[in-house]
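The values are calculated or read from the model by the stated rules, or taken from the named source; none is laboratory data. Keep in mind that this is a model prediction, so the values were computed, not measured. FYI the Cβ positions are ideal-geometry reconstructions off the backbone, even for glycines, and counts take in every protein chain you see. These accessible areas exclude ligands, DNA and RNA; they are computed on the full protein's heavy atoms, side chains included. Shrake-Rupley method; radii C 1.70, N 1.55, O 1.52, S 1.80 Å.
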Amino acid sequence: MLKKLLVLAEDVDVNLSSGGKANYAFICALLECGFSLKIYHYSHKEVFFEKAESILINENKWSFYFLLSRFQRLWQRYTRIEIAKYFERRFGFSFTFFNDTKSIVRTIRKENPEDFDWLITLSKGSSYRSHYAILSQNRWHSKWIANIHDPFPFSYYPKPYRWVEPGDRKKRVFFQEMAIKAKYFSYPSALLREWMGQYNIRFHHEGLVFPHQISQMNSTDNLIPENISNKIKDKFTMLHAGNLLEHRSPFKLIEAWRKFVSHYQLSENDVHLLLIGPGTFHEPYLTELCKKFDTIFRYSGNLNYDVVKLIEHLVSVNLVLEAESEISPFLPAKVPNLVKVDKIILHIGPKKSETLNLLGVDYSFHADPSDANVIFLKMCELYEMWLNGSKLKLNKPNLMEYFKPEHLKNQILNINH
């Protein structure tokens with residue numbers, strides 16, 4: 001029997017965040033599975049889906065919390081006295097967070113749980129607004145699948161990401177209440193389900209693995225900028241696309257690349273390393289460093305998502321760069337698309353990683369983020385293969401099946417009420 005799902009997503013804007021990309025692809029996959037969907041989202045812009053009703057939740061600009069949040073901003077702007085952290089320590093969350101969640105609650109109250117088989121909540125980054133909103137709506141809890149895309153709060157993260165943020169105790173209370181009230185929990189990663197299980201056994205026992213989905217390539221008039229396409233054509237190229245977060249350091253990668261270029265005495269006519277996406281924590285040093293080498297191209301802005309996907313298809317090798325850590329339970333949202341591209345992925349991350357688990361324990365194109373020499377050797381190996389005419393195919397058909405909607409459909413149909 002056809003399942004009817006209500007999806008409550010904090011963001012589905014593919015050009016705004018990686019969370020928006022993952023949520024949009026997940027919803028498209030649900031529609032491809034044949035489920036009947038009604039979608040509410042808080043993206044601050046209209047986003048439409050074929051074969052589904054999509055409703056933008058508007059921010060309530062007449063509430064007490066909205067007025068408090070604006071007063072706080074004005075106070076800080078004119079006095080230059082930071083008070084946000086004080087209030088977050090006291091209440092656990094910002095006034096904006098409370099206003100957003102109450103705006104979501106006010107809208108979702110219009111719906112009747114009896115009209116749906118499941119409610120799936122999707123959030124982004126370190127924000128769980130959609131989840132917090134449903135926590136107060138008891139009538140939905142027996143049908144609630146809470147998607148946990150990353151650990152929360154930051155004190156639940158593995159090192160080096162872990163830190164105690166303002167309001168940590170109240171944030172932990174929120175997640176422990178969710179552990180009690182939600183019917184099921186879904187994760188993009190089996191390793192993340194295992195990781196969260198140490199904080200509440202229900203996170204693991206009632207956990208489902210819904211992997212990130214392959215994004216459909218939209219027809220687009222956005223061509224690859226000429227200054228980028230010229231650096232790809234007829235050359236050996238490696239691409240890292242995505243946000244270079246604080247602990248996702250690119251400097252060992254750059255060190256290895258410089259050694260590789262020097263070893264083969266290559267120039268910009270032969271090879272290019274492309275680093276596309278923001279990296280605020282590493283700037284301006286990162287961009288200034290890249291300018292010194294004509295074989296490194298740095299683009300710190302946000303390219304249209306469809307353009308990035310085209311570039312991923314055209315380069316020789318795609319990179320997955322993770323933090324130096326004992327464990328990386330995250331599944332980067334771009335991995336399913338890289339699997340679809342079917343080009344070899346150079347994984348630079350810890351051995352205990354969801355990405356490496358999926359690629360296989362015997363996957364050879366892997367290096368530790370701290371070991372520039374191994375990264376260099378892998379670059380050399382890939383370059384030699386490319387010189388010898390190899391298409392550098394990933395060739396992981398089982399992984400391709402894992403990321404297809406049919407697998408997700410089976411996961412959902414097998415859930416017990």
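Some observations on this one:
- Test for ARG172: is it modelled with pLDDT of 95 or more, closer than 29 Å to PRO350 by Cβ and open to solvent by 20 Å² or more (accessible area, probe 1.4 Å): yes
- Every residue from the range 111-143 that is assigned to a strand (DSSP E or B) and farther than 16 Å from LEU30 by Cβ: LYS124, SER127
- The range 137-169 - residue that is small (Gly, Ala, Ser) and either at pLDDT below 95 or in contact with an Asp or Glu (Cβ under 9 Å, 6 or more places away or on another chain) (or both) and, of those, nearest to TYR42 (Cα to Cα): GLY167
- Qualifying positions in the range 280-302 - of a type in the set (Val, Ile, Thr) and open to solvent by 70 Å² or more (accessible area, probe 1.4 Å): THR280
- Residue in the range 245-253 that is of a type in the set (S, T, N, Q), under 26 Å from the mean Cα position of the chain (by Cα), buried (at least 16 other Cβ atoms within 10 Å of the Cβ) and closer than 29 Å to VAL14 by Cβ present: yes
- Entry remark, the range 378-411: residues being within 19 Å of VAL315 (Cα to Cα) and either surrounded by fewer than 16 Cβ atoms within 10 Å (Cβ to Cβ) or touching a helix residue (DSSP H, G or I) at 6+ places or on another chain (Cβ under 9 Å) (or both) number 16 in total.
- Some residue of the range 270-279 being at pLDDT 95 or above and surrounded by fewer than 18 Cβ atoms within 10 Å (Cβ to Cβ): yes
- As for the range 32-54, it holds at least one residue that is of a type outside the set (A, V, I, L, M), under 23 Å from ASN147 (Cα atoms) and in contact with a Cys (Cβ under 8 Å, 6 or more places away or on another chain).
- Filter pass, LEU358 being open to solvent by 30 Å² or more (accessible area, probe 1.4 Å) and modelled with pLDDT of 95 or more: yes
- Evaluation of GLN265 against (1) open to solvent by 20 Å² or more (accessible area, probe 1.4 Å); (2) touching a strand residue (DSSP E or B) at 6+ places or on another chain (Cβ under 9 Å) (one fails), failing number: (2)
- Taking the range 286-398 as the region of interest, the helices (runs of 4 or more DSSP H) fully inside it that hold 1 or more residues being in contact (Cβ under 8 Å) with a residue 24 or more places away in the chain, farther than 29 Å from TYR24 by Cβ and basic (Lys, Arg) are 372-387.
- Residues that are under 17 Å from ALA9 (Cβ atoms), modelled with pLDDT of 95 or more and not hydrophobic (A, V, I, L, M, F, W, C), drawn from the range 108-128: GLU111, THR121, TYR128
- Residue in the range 114-131 that is without any contact (Cβ under 8 Å) to a residue 24 or more places away in the chain and open to solvent by 20 Å² or more (accessible area, probe 1.4 Å) present: yes
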